[in-house]
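J.: This is the structure I have questions about; it appears just below.
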Protein chains: 2
Amino acid sequence: MPHSETPKPAIILVEPQLGENIGYAARAMLNFGLTDLRLVAPRDGWPNPAAGPAASGADDVLDGAGVFETLEEAIADLNHVYASTVRNRDIYKPVLTVTEASEAMHASAARGERTGILFGRERSGLSNDDIALANAILTVPVNPGFGSLNLAQAVILVAFEWSRTGVDLPAASTLEDDPIATKADLVGLFEHIEGALAPRGYFRPPARKRAMVQALRNLLQGAGFTGQQVRTLRGVIKSLTRPLGGNRKDG
Amino acid sequence: MPHSETPKPAIILVEPQLGENIGYAARAMLNFGLTDLRLVAPRDGWPNPAAGPAASGADDVLDGAGVFETLEEAIADLNHVYASTVRNRDIYKPVLTVTEASEAMHASAARGERTGILFGRERSGLSNDDIALANAILTVPVNPGFGSLNLAQAVILVAFEWSRTGVDLPAASTLEDDPIATKADLVGLFEHIEGALAPRGYFRPPARKRAMVQALRNLLQGAGFTGQQVRTLRGVIKSLTRPLGGNRKDG
């Protein structure tokens, strides 16, 4: 098991439907030492009486679960987010196997960076809007003729692989001067740039706005900006939207 | 996936109690290409109507399941048998992690030898008599404070690990339709953004302009944009510099 000082990944269930599945996921997590469970808009509210029995004793994980209205809030403090999906998506985003992602998570944890893995709704999985908030896609290489993982199975494979790949952890390296941006930084950047583009007629025709926003978020997300770089970019946007010849009014 | 010519391990459920769990195990197996399911004295007989729905489409595995009265018969054709258990046993027998056992299985399969893994009763696990028929014990290294794997979870971890260790997984891939930007693309982007920023008072004081340009170029350079993404960004810059309420004049 990794040292307890290094951050462990958060398991983020996006709009989970059945309380039982939340319990099974908590049990799967704790089997491999994961405890940071986050629920985004659980369909039947929270707490859910069906979760406890399914957790088979992983009550501390359920009791400590964070509940959020939006995915943006749920991931605000994280530096890296993986979207778990077995589907091929027409999205330009790196695709890592669960093994590769686990190794990357340990490396970033050693730098003090925080990671989360998104798991979608039981029926419909993750939306493209959800995936647009992720750095990369995490896949479990299943039988191409029969890929049928349920939520708890997907969670346990991720938790197992994270645990397995962390056994020989290298010594933690020093924190870099300029750590990678948090998701709150990035969402701030998204909203800034989208808010500046909308009144300037960028999102045309209106029917394409959602896809254009997703493309833009994927592009900015994939760049791996640091927190300082995000602040620089926000300064750039502020300048670009200033009228030509206008004076700079503030810092 | 390993070559279909080499034998794949059999999953042997010893006196399974619930039909649902047999179905879940079949589903877990087929996710990673395992199809040889063997049932020893299933408590409620066989076939069991509860198994089919739980298998979620892995019907061929259920239909092909072998049913045996004794464990001895179920393993008669096998060369190597592993007993899966998370418990410490007072039995002198080699103990392998699921990873070590998976690697050993591939090595023996390459020699044409057949392997099976025993999974015990939901309540009581494997008996010492069962374990006495095994070559070695297979363990999944779980959280020492919370080891609580159910039957299907134990099966899926074994099947996953067998699959994972049997292939040289392909390197992480991205969608290749959109190649990374050329340096000409990038320089075009640099000059576009710098040309838009300069008349809007971004580069102040003038003595810092060079350092600011370098920081901006490093930031954009490090992002690894594709050619298409650079074109998207140039559209964004064009929009941002348009006066508020102005009409879009060109594409």
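The values are calculated or read from the model by the stated rules, or taken from the named source; none is laboratory data. Predicted model only: the values in this text are computed from it and were never measured. Note: ideal-geometry Cβ built from the backbone for every residue, glycine included; neighbour counts use all protein chains shown.
J.: Six or more apart or on different chains, Cβ atoms under 7 Å: show the pairs whose first residue is in the range B:10-22 and small (Gly, Ala, Ser) and whose second is assigned to a loop (DSSP other than H, G, I, E, B).
T.: Hits for this filter: B:Ala10/B:Asp36; B:Ala10/B:Leu78; B:Gly19/B:Asp44; B:Gly19/B:Asn48; B:Gly19/B:Pro49; B:Gly19/B:Ala50.
J.: Would you mind telling me which numbered condition in (1) crowded, with 20+ Cβ neighbours inside 10 Å; (2) without any contact (Cβ under 8 Å) to a residue 24 or more places away in the chain A:Gly45 fails?
T.: (1)
J.: If you don't mind, another one. For A:Leu169, indicate whether it is at pLDDT 90 or above and more than 30 Å from A:Ala51 (Cα to Cα).
T.: When the stated conditions are applied, A:Leu169 does not pass them.
J.: So which strands (runs of 3 or more DSSP E) stay within the range A:1-117 end to end and still have 1 or more residues that are away from chain B (no Cβ under 14 Å)? I'd like the intermediate steps shown before the answer.
T.: Values: elements: A:10-14, A:37-40, A:66-68, A:80-84, A:95-97.
Once the strands (runs of 3 or more DSSP E) in the range A:1-117 are filtered for at least 1 residues that are away from chain B (no Cβ under 14 Å), what remains is A:10-14, A:37-40, A:66-68, A:80-84.
J.: Take the conditions in contact with a helix residue (DSSP H, G or I) (Cβ under 6 Å, 6 or more places away or on another chain) and farther than 24 Å from B:Gly19 by Cα and apply them to B:Ser108. Does it pass?
T.: Values: in contact with a helix residue (DSSP H, G or I) (Cβ under 6 Å, 6 or more places away or on another chain): no; farther than 24 Å from B:Gly19 by Cα: yes.
Judged against the criteria, B:Ser108 is not a match.
J.: Could you please let me know if B:Glu15 is assigned by TED's automatic domain parsing to the domain that holds B:Gly125 and either over 24 Å from A:Asn143 (Cα atoms) or not charged (D, E, K, R) (or both)?
T.: yes
J.: Starting from residues that are under 17 Å from B:Leu138 (Cα atoms) and among the aliphatic types (A, V, I, L, M), keep the ones in the range B:57-83 and report whichever is surrounded by the fewest Cβ atoms within 10 Å (Cβ to Cβ).
T.: Once the filter is applied, the top-ranked residue is B:Leu78.
J.: While we're looking at this one, here's another question. For the list (1) at the interface with chain B (Cβ under 7 Å from one of its Cβ atoms); (2) hydrophobic (A, V, I, L, M, F, W, C); (3) not in a helix (DSSP H, G or I), I need the number of the one condition that A:Leu219 fails.
T.: So the condition that A:Leu219 fails would be (3).
J.: Right, next: Please enumerate the residues belonging to the range A:144-158 that are within 7 Å of another protein chain (Cβ to nearest Cβ) and outside any loop (DSSP other than H, G, I, E, B).
T.: Within the range A:144-158, A:Gln153, A:Ile156, A:Leu157 qualify.
J.: Tell me which residues, restricted to the range A:118-136, are closer than 16 Å to A:Ile11 by Cβ, hydrophobic (A, V, I, L, M, F, W, C) and assigned to a strand (DSSP E or B).
T.: Once the filter is applied, which keeps residues that are closer than 16 Å to A:Ile11 by Cβ, hydrophobic (A, V, I, L, M, F, W, C) and assigned to a strand (DSSP E or B), the range A:118-136 yields A:Leu118, A:Phe119.
J.: Still on this structure: I'd like the full set of residues that are surrounded by 17 or more Cβ atoms within 10 Å (Cβ to Cβ) and of a type in the set (Ser, Thr, Tyr), limited to the range B:181-220.
T.: B:Tyr202
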